[in-house]
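Peer 1: This is the structure, below, for whatever I ask next.
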Amino acid sequence: MKYLTEQIVFQEIPSEISLAFEITNCPRRCPGCHTPELQGDCGEVLTIQKFDQICEKYASYDGKYMFGCVLFLGGEQHPEINDFLEHCRKNGFKTALYTGANSVDINVLKNLDYVKLGEYNEALGA
């Protein structure tokens, strides 16, 4: 599983400060796609070790994190997504997934606190 960027976001998950990962290799091809660069095979491989390093970037001097939720923008098609979701939960983070899919595997769903389903609708901008 590869990611293009990671960033702290404030609006995607209500009442949560989230660390969001843009996952690449999206198979959806939604008309008017909001982020078409995520359709390509690009970015850096996300490993658990790399994930932990990124999280540490967003920790304060006293070890507290600047976020309480981890959001994956795509990625449900990758089998290893569940490893990341379980790792997040083990470390006390809530979990979220935005996907253009209309459904998500039950094993992924059980590891999510928040999920947004459905393809991008250009007319709605969402």
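The values are calculated or read from the model by the stated rules, or taken from the named source; none is laboratory data. Bear in mind the structure is a predicted one, so any value in this text is a computation, not a measurement. Glycine gets a Cβ as well: all are built from the backbone with ideal geometry, and neighbour counts include every protein chain shown. Ligands, DNA and RNA are excluded from the accessible area calculation, which covers all protein heavy atoms including side chains. Shrake-Rupley method; radii C 1.70, N 1.55, O 1.52, S 1.80 Å.
Peer 1: Could you please find all residues in segment 104-126 being in a loop (DSSP other than H, G, I, E, B) and open to solvent by 70 Å² or more (accessible area, probe 1.4 Å)?
Peer 2: Those that are in a loop (DSSP other than H, G, I, E, B) and open to solvent by 70 Å² or more (accessible area, probe 1.4 Å): ASP105, LYS110, ASP113, LEU117, GLU119, GLU122, ALA123, LEU124.
Peer 1: What tally of residues in segment 77-103 results from selecting those that are out of contact with any Lys or Arg (no Cβ under 6 Å at 6 or more places or on another chain) and either of a type in the set (A, V, I, L, M, F, W, C) or part of a loop (DSSP other than H, G, I, E, B) (or both)?
Peer 2: 17
Peer 1: Failed condition for THR35, given (1) at pLDDT below 95; (2) open to solvent by 30 Å² or more (accessible area, probe 1.4 Å), with all others met?
Peer 2: The one condition THR35 does not meet is (2).
Peer 1: Let me ask you something else. For segment 68-82, give me each residue that is open to solvent by 10 Å² or more (accessible area, probe 1.4 Å) and not polar (S, T, N, Q).
Peer 2: GLY68, LEU73, GLY74, GLU76, HIS78, PRO79, GLU80
Peer 1: What number of residues within segment 40-54 satisfy the criterion of being open to solvent by 50 Å² or more (accessible area, probe 1.4 Å) and either over 19 Å from TYR65 (Cβ atoms) or within 15 Å of the chain's Cα centre (by Cα) (or both)?
Peer 2: Number of matching residues: 7.
Peer 1: Say whether the condition of being over 21 Å from VAL108 (Cβ atoms) and under 14 Å from the mean Cα position of the chain (by Cα) is met by at least one residue in segment 19-39.
Peer 2: no
Peer 1: In segment 83-93, how many residues are farther than 15 Å from GLN49 by Cβ and either free of Cβ contacts under 8 Å to residues at least 24 places away in the same chain or surrounded by fewer than 16 Cβ atoms within 10 Å (Cβ to Cβ) (or both)?
Peer 2: Of the residues in that region, 3 qualify.
Peer 1: Please pick out the residue among ILE13, ILE48, ILE17, ILE54 that is at negative phi and touching a His at 6+ places or on another chain (Cβ under 7 Å).
Peer 2: Unique residue meeting the criteria: ILE48.
Peer 1: Given the conditions (1) more than 15 Å from TYR3 (Cβ to Cβ); (2) touching a strand residue (DSSP E or B) at 6+ places or on another chain (Cβ under 9 Å); (3) of a type outside the set (Ser, Thr, Tyr); (4) assigned to a loop (DSSP other than H, G, I, E, B), report the number of the one that CYS42 does not fulfil.
Peer 2: Status for CYS42: all satisfied but (1).
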